[in-house]
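The values are calculated or read from the model by the stated rules, or taken from the named source; none is laboratory data. Here the structure is a predicted model, which is why all the values come from computation and not from measurement. Cβ atoms come from the backbone with ideal geometry, glycine included; neighbour counts cover every protein chain shown. The protein model used for the area step is the full one, side chains on, heavy atoms only, and it has no ligands, DNA or RNA in it. Shrake-Rupley method; radii C 1.70, N 1.55, O 1.52, S 1.80 Å.
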Amino acid sequence: MTRWQVEPLGQWGRPVTPERRSSGTFRAGWSATLDLLLKEIEHLDPVGAVALRVDAPPDDIRLDGMLRARARVDFPGVVVSFTSASKGPLSFSTDMYEQRYYNDLPGWQANVRAIALSLEALRAVDRHGATSRGEQYVGWRQIESGPRPAPGPFDSPDEALRWMRDQAHADIGLRARDLFGEALFRTLARRMHPDMQGEQSAWARLDAARLMLKGSNLW
């Protein structure tokens, strides 16, 4: 089963939908939505965990990467990012839906479902023979938004890991040297995320380290 985890959304960095649709368009629950999303991603041979980025405060994301039951998600936009063994890094995002009535799906869950259905539709293009090399995924090759880290990107996963461990030493002491990328990212996100008054440059550098480690055996 494909692993997935919630990560802080950070800056949206994409056009905001001015007039959103109602999340009541969808009747399927969260469990069915998640099953569909992961099933579609499985068809793309994912490498490593799937990142589901939502607008939740770092404290509302548990240590195991799941969202707390009473987490507050304000902005409905979501980003689903993962690495496909055959198509490389892919990133899908939308803020098309919002919750208007109490019994409707939360907006962010409706947007995850919209992404899952989009993945299903893209796969249908292959199934019906309209493409032979997955050309329909080119538009979703992952391009991270926001400022690039300073002073520059890391040269290797090892360098990124060393930097994260050095930074985490202030939070958890010597335990940092035994942790790897995923656990280190969660530890540092609680301090560096802009919602926690972290500096944007530090958050951008942490995100660059995450991207460098994703898909490596150091994550």
Task: Qualifying positions in the range 89-119 - more than 14 Å from ALA32 (Cα to Cα) and among the charged types (D, E, K, R) - done: ASP95, GLU98, ARG100, ASP104
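So if I check each of ALA168, ALA202, ALA189, which one is within 17 Å of the chain's Cα centre (by Cα) and surrounded by 16 or more Cβ atoms within 10 Å (Cβ to Cβ)? Please lay out each step first, then the result.
Numbers: ALA168 fails: within 17 Å of the chain's Cα centre (by Cα); ALA202 fails: within 17 Å of the chain's Cα centre (by Cα).
Every option except ALA189 fails the conditions.
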Open item on the list: So if I check each of SER118, SER91, which one is of a type in the set (Gly, Ala, Ser) and at pLDDT below 90?
Closed with: SER91
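With in a loop (DSSP other than H, G, I, E, B) and either closer than 19 Å to LEU119 by Cα or at pLDDT 95 or above (or both) as the only criterion, which of ALA56, ALA51, ALA32, ALA28 stands out? Before you say what the answer is, go through the steps one by one.
On the way: ALA56 fails: either closer than 19 Å to LEU119 by Cα or at pLDDT 95 or above (or both); ALA51 fails: in a loop (DSSP other than H, G, I, E, B); ALA32 fails: in a loop (DSSP other than H, G, I, E, B).
So the residue among ALA56, ALA51, ALA32, ALA28 that is in a loop (DSSP other than H, G, I, E, B) and either closer than 19 Å to LEU119 by Cα or at pLDDT 95 or above (or both) is ALA28.
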Open item on the list: Pairs needed: first member in the range 100-111, more than 9 Å from GLY77 (Cα to Cα) and open to solvent by 100 Å² or more (accessible area, probe 1.4 Å); second member anywhere, at pLDDT 90 or above and not hydroxyl-bearing (Ser, Thr, Tyr); C-beta distance under 7 Å; at least 6 residues apart or different chains.
Closed with: ARG100/GLY24; TYR101/GLY24
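Name the single residue that is surrounded by the fewest Cβ atoms within 10 Å (Cβ to Cβ) among those in the range 67-77 being in contact (Cβ under 8 Å) with a residue 24 or more places away in the chain and closer than 18 Å to PRO18 by Cβ. Quick ask: steps written out before the conclusion?
Taking the range 67-77 as the starting set, the residues that turn out to be in contact (Cβ under 8 Å) with a residue 24 or more places away in the chain are 67, 73, 75-77.
Adding the requirement that they be closer than 18 Å to PRO18 by Cβ leaves 75-77.
Numbers: PHE75: 15, PRO76: 22, GLY77: 23.
Among them, the one singled out is PHE75.
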- [ ] Just name the residue that is modelled with the highest pLDDT out of those in the range 176-185 that are within 16 Å of the chain's Cα centre (by Cα) and surrounded by fewer than 21 Cβ atoms within 10 Å (Cβ to Cβ).
- [x] ALA183
Open item on the list: Condition first: among the basic types (Lys, Arg) and more than 23 Å from ALA202 (Cβ to Cβ). Can you find one or more residues in the range 47-59 that meet it?
Closed with: no
TODO: Could you figure out which of (1) surrounded by 13 or more Cβ atoms within 10 Å (Cβ to Cβ); (2) modelled with pLDDT under 90; (3) in a helix (DSSP H, G or I) isn't true of ALA124?
DONE: (1)
- [ ] Go through the range 5-25 and count every residue that is open to solvent by 60 Å² or more (accessible area, probe 1.4 Å) and either assigned to a strand (DSSP E or B) or in contact with a helix residue (DSSP H, G or I) (Cβ under 9 Å, 6 or more places away or on another chain) (or both).
- [x] 3
